[in-house]
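The values are calculated or read from the model by the stated rules, or taken from the named source; none is laboratory data. Just so it is clear, the model here is predicted, and its values are computed rather than measured. FYI the Cβ positions are ideal-geometry reconstructions off the backbone, even for glycines, and counts take in every protein chain you see.
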Amino acid sequence: MNTYEICCLSVADTVQAIRTKRLSPVEVTEAVLHRIEDLNPRVNAYCTVAAEGARMQAAEAEAAVIRGDHLGPLHGVPVSIKDMTFTRGIRTTGGSRIYEDFIPQEDAIVVERLKAAGAIILGKTNTSEFGWAAVSDNALFGPTRNPWNLELTSGGSSGGAAASIATCMGALAIGGDGGGSIRIPASFCGVFGFMPSYGRVPEGPGFPAWETLSRTGPITRTVADAALAMEVIAGRDDRDRMSLTDAGFHCVAGLDGDIKKLRIAWSRDLGYATVDPRVVRVVEAAVRVFDRLSSGVEEVADLPANPETAFSKVVGVNLAAFLEDKLAEWRDRIDPGLVKFAGAHSDITATEYLRARQEMNRYWDGIRPLFEEYDLLLTPTVAVSPFEVGKYGVREVDGRKTSPLNWMAFTYPFNITGQPAASVPCGWTDDGLPVGLQIVGRRFDDVTVLRAAFAFEQASPWADRYPAIV
């Protein structure tokens, strides 16, 4: 098996090849490191490559295979970690000059679990500064480029993670999602991204997260690989007091079976978004596939008002609080857009903040009845196709002026509600850019979201389509 073939293996196939000794952890790791060396200078998915450490872990993993030791579910699989997540002994910057030389002395819980499962940590993937923007660009490392068109953004803030998967620089990437930061780049890069229910994967230790909004999850080429990763990283840990027990949580087994009995809702705009017609055409074709697979898809209206203002206020206050003691020294070296955004929210009163939280609660009150009637909600993942590198977003869609977050209008509402949501590749525009379909499930029903995504993947496979750079 040559380097290209090894790098294009799924997580599940890599695990099987290592268990049956058709491949060794060293062979797999060397193949992926070689691919990173070849492609990363053009894509900039990785901001730190821990090659020496990965090789040491691979050698240890190979020795375990030779000894006949018990092997974990991800034994020998190379994995990347978003640069917002702490990794012991590996530089972790949050995409900021403030932490340019910071090397954590402890692993985040998710990294601990990956290592315990036998995974090999390749390095850190690029992000926006402290994940504030839904693109992956910062003054420290520059932008991550979209593998389908290097002049366009990969999305973010887990854009490095998604771009690494699209280019086969690893089969599993761990991202974080505070307003769409897994699903947006998954859509833009043509890969699968899963944001679990709030609390499903324990958070920290790491840079301060946006309270109740941020979640850690996998980005992969296949749904089955994401399900396997979820079985490793999910479950209670009392260091995160909001983490959920994993009792009865079996993702991989839950993929089996059809979705014929599911009732599925569909909204092209959530009642307020302006969407590029090219995106709508691709997503509508995917909705027709779900209509055949399920008991039927019904378009819904009467949805709650856009929670954009409340969401922005809560995120802005969190970032302002985090940066408050850093601005005096670092203001001129922090992303100007981040400084402006945090500054605009630095004088928000407690009353204003609590009103924003109450508005977010009202959004849940408004969307909850839909999920009492339907099992799933389908929407576009992003309102637009990938745009030029160097922009934070777009303010005009289909010739109409839009709000700052309109282009990502479908993702942040479900950070507010705590529901699980996935982005599945559902097609390509006429100019060859990927489009994602978002699947949203009931709170804590992560398995049904994954099962629906798996059924769609079987009906409309995407994993065998690669960008030309691959």
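Assorted remarks:
- For the condition farther than 30 Å from Ala139 by Cα, among the polar types (S, T, N, Q) and either free of Cβ contacts under 8 Å to residues at least 60 places away in the same chain or touching a Cys at 6+ places or on another chain (Cβ under 8 Å) (or both), Gln16 qualifies.
- Residue in the stretch 47-62 that is touching a residue at least 60 places away in the same chain (Cβ under 8 Å), crowded, with 21+ Cβ neighbours inside 10 Å and in contact with a Leu (Cβ under 6 Å, 6 or more places away or on another chain) present: yes
- As a summary of the residue check, Glu151 satisfies the conditions (1) touching a Leu at 6+ places or on another chain (Cβ under 9 Å); (2) touching a residue at least 40 places away in the same chain (Cβ under 8 Å) except for the one numbered (1).
- Positions within the stretch 236-274 being among the acidic types (Asp, Glu) and more than 18 Å from Glu203 (Cα to Cα), in sequence order: Asp256, Asp258, Asp269
- Selection status of Val397, of a type in the set (A, V, I, L, M) and under 30 Å from Thr245 (Cβ atoms): no
- Looking only at the stretch 270-301, and only at residues there that are in a loop (DSSP other than H, G, I, E, B) and either without any contact (Cβ under 8 Å) to a residue 24 or more places away in the chain or of a type in the set (Gly, Ala, Ser) (or both), the one that is nearest to Leu338 (Cα to Cα): Ala273
- The condition of being in contact (Cβ under 8 Å) with a residue 60 or more places away in the chain, among the hydrophobic types (A, V, I, L, M, F, W, C) and surrounded by 24 or more Cβ atoms within 10 Å (Cβ to Cβ) holds for only one of Ala455, Ala409, Ala463, that being Ala409.
- Test: residue in the stretch 209-224 that is among the small types (Gly, Ala, Ser), within 17 Å of Asn415 (Cβ to Cβ), touching a residue at least 60 places away in the same chain (Cβ under 8 Å) and touching a Lys or Arg at 6+ places or on another chain (Cβ under 6 Å): no
Residues checked against (1) surrounded by 14 or more Cβ atoms within 10 Å (Cβ to Cβ); (2) part of a loop (DSSP other than H, G, I, E, B); (3) not acidic (Asp, Glu):
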site: Ser312; (1), (2), (3): yes, no, yes
site: Leu319; (1), (2), (3): yes, no, yes
site: Phe322; (1), (2), (3): yes, no, yes
site: Asp325; (1), (2), (3): no, yes, no
site: Ala328; (1), (2), (3): no, no, yes
site: Asp332; (1), (2), (3): no, no, no
site: Lys340; (1), (2), (3): no, no, yes
site: Ile348; (1), (2), (3): yes, yes, yes
site: Thr351; (1), (2), (3): no, no, yes
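Residue-by-condition table, conditions (1) acidic (Asp, Glu); (2) farther than 30 Å from Glu396 by Cβ; (3) within 21 Å of the chain's Cα centre (by Cα):
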position	(1), (2), (3)
Ala234	no, yes, yes
Ser243	no, yes, yes
Ile259	no, yes, no
Ala273	no, no, no
Pro277	no, no, no
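- Subset of the stretch 242-275 that is out of contact with any Phe, Trp or Tyr (no Cβ under 9 Å at 6 or more places or on another chain), modelled with pLDDT of 95 or more and charged (D, E, K, R) - its residue that is surrounded by the most Cβ atoms within 10 Å (Cβ to Cβ): Arg268
- Residue match in the stretch 20-35 (condition: touching a strand residue (DSSP E or B) at 6+ places or on another chain (Cβ under 7 Å), among the hydroxyl-bearing types (Ser, Thr, Tyr), surrounded by fewer than 22 Cβ atoms within 10 Å (Cβ to Cβ) and under 28 Å from Gly193 (Cβ atoms)): no
- Within the stretch 69-185, strands (runs of 3 or more DSSP E) holding 1 or more residues that are under 24 Å from Ala468 (Cα atoms) and hydroxyl-bearing (Ser, Thr, Tyr): 78-82, 120-125, 149-153
- Of the set (1) touching a Lys or Arg at 6+ places or on another chain (Cβ under 7 Å); (2) crowded, with 22+ Cβ neighbours inside 10 Å, all apply to Ser294 but (2).
- Sole residue being under 19 Å from Gly156 (Cβ atoms), touching a residue at least 60 places away in the same chain (Cβ under 8 Å) and of a type in the set (S, T, N, Q), chosen from Thr85, Thr93: Thr85
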